[in-house]
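Notes to accompany the following structure.
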Amino acid sequence: MSRLHAEFVRRGPYLYVVDLGLSRNGTRVNGRPIARRVLDDGDVVSFGAARGRIGGVPREDFTPEVELRRAAAPELTRREVDVLTSLCRPALSDEAFVAPATAREIADDLVVTEAAVKQHLLRLYQKFRIPEGTNRRTRLANEVVALGLVRPTPVVPPQRAAGAATAEQPSAAGRRAS
């Protein structure tokens, strides 16, 4: 469990958990990864291997269907998916406490201008309804990962050169000379 893993917030009759996007394993409620979610009495919240059951929340105050995270993802263009994939790549690495890619890093990755990336990000903030404020890229990346739109890509070991795969063999000319 990370030091800055998630936070619990009580607003009016609602209690919810917000994943801060700074951990390797994320936050889960009843086994499902979340970005933020309204909690109900009896929900099981997991942070990596640590788990806890929510108790003492009055049932009559809550509507179980209420979930602050949107259930469906907006329709995305292929280029928007490319921007989101590049944005989330650092966060999906094995490193702890990494931030999503900057506009400059995304531009370099996709071989486009930084201005084009910023325009895509502005449209994506609107599509995902990410309000202005601090850590906007982190909140967008967290939402995208929580919705399952971007997943870690498996690391494929580099292919060895054909000659390096086997022990060195003397060349045909070398064998004849010996």
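The values are calculated or read from the model by the stated rules, or taken from the named source; none is laboratory data. These numbers come from a predicted model, not from an experiment. Positions of Cβ are backbone-derived with ideal geometry, glycine not excepted, and every protein chain shown enters the neighbour counts.
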Practice prompt. Would you confirm whether any residue within segment 65-72 is acidic (D, E), at pLDDT below 60, surrounded by 14 or more Cβ atoms within 10 Å (Cβ to Cβ) and not assigned by TED's automatic domain parsing to the domain that holds D19?
Written response: yes
Discussion item. Just to be sure I understand, how many residues within segment 21-54 are under 16 Å from N142 (Cα atoms) and among the hydrophobic types (A, V, I, L, M, F, W, C)?
Written reply: 5
Item to complete: Consider only pairs whose beta carbons are under 7 Å apart and that are at least six residues apart or on different chains; among these, list those whose first residue lies in segment 120-137 and is at positive phi and whose second residue is exposed (fewer than 11 other Cβ atoms within 10 Å of the Cβ).
Response: none
Item to complete: Among the helices (runs of 4 or more DSSP H) lying completely within segment 109-178, list those that include at least 1 residues that are of a type in the set (A, V, I, L, M, F, W, C), touching a Phe, Trp or Tyr at 6+ places or on another chain (Cβ under 8 Å) and at pLDDT 65 or above.
Response: 136-146
